[in-house]
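The values are calculated or read from the model by the stated rules, or taken from the named source; none is laboratory data. Everything numeric here is computed off the predicted structure, so don't read it as measured data. Please note: Cβ atoms are built from the backbone with ideal geometry, for glycine as well, and neighbour counts cover all protein chains shown.
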Amino acid sequence: MTAKDIVTNSFIPLKTSDTALNALAIMEDLKVRHLPIVNNEEFLGLISQADIENSNTPDEVLGNHDLSLAKPFVYQDQNIYEVIRLFASLKLSLLPVLDRKNNYIGSIMLADLVQNFSKLTAADNPGGVIIIELNNNDYSLSEIAQIIESNDAKVLSLYVTSFPDSTKIEISIKLNKIDIRSVLQTLYRYKYSVTATFSEDEYNDVLKERFDSLMNYLNI
């Protein structure tokens with residue numbers, strides 16, 4: 001999945017001749033805290049709600065405002081992980097998308113990202129989930145995949161969680177089988193430490209909790 005798969009051009013970006021008051025009204029309507037400013041097709045930067053409120057000049061045109069953010073954007077062919085990284089690191093509610101000629105083609109809103117995240121984690125596919133813990137040096141994706149496939153199952157998604165000041169990592173694996181007992185038995189035989197398993201509904205509950213935590217973190 002790349003940025004172009006979730007980009008939207010459902011709203012018109014701001015122009016330098018728009019007023020800050022108009023920008024605030026659009027932000028409220030779209031439920032975002034940032035909006036792109038575009039001159040023809042050239043992306044000039046993001047203006048935030050805080051930029052406008054700190055200036056205390058709502059009737060002034062946007063061309064006269066300083067922007068607190070640099071020019072965060074992704075190219076349309078960049079992967080979804082870069083999109084997620086920028087949203088999280090910059091606490092964005094909206095991320096502009098450009099083509100390789102640096103022309104603005106649309107934006108990704110946080111709601112778009114959340115709605116498409118289930119595709120990345122295969123949350124919509126039926127199957128069980130296994131979470132294992134191991135030392136970072138012992139992690140072998142090929143061995144884990146071989147164990148799973150030897151039990152007529154396949155990995156739909158997998159992600160790794162690391163912990164500060166620890167050599168331990170946590171591997172969360174979504175399978176295409178609801179009955180994962182044979183996979184578990186083989187993992188135990190290979191001395192893997194299985195810390196949790198989830199049914200399909202339980203896994204979706206976990207994802208929802210993590211989405212809610214992300215939304216709270218970004219203060220949306």
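Residue count for the stretch 158-179 under the criterion of being surrounded by fewer than 13 Cβ atoms within 10 Å (Cβ to Cβ) and of a type in the set (A, V, I, L, M): the result is 2. Between 77, 66, the distinction of being loosely packed, with under 13 Cβ neighbours inside 10 Å, modelled with pLDDT of 85 or more and more than 12 Å from residue 23 (Cβ to Cβ) belongs to 77 only.
Residues in the stretch 25-60 that are at pLDDT below 85 and of a type in the set (Val, Ile, Thr) were compared, and the one that is farthest from residue 12 (Cα to Cα) is 57. Within the stretch 1-42, the set of residues being of a type in the set (S, T, N, Q) and either surrounded by fewer than 16 Cβ atoms within 10 Å (Cβ to Cβ) or touching a residue at least 12 places away in the same chain (Cβ under 8 Å) (or both) comprises 2, 8, 9, 10, 16, 17, 19, 39, 40.
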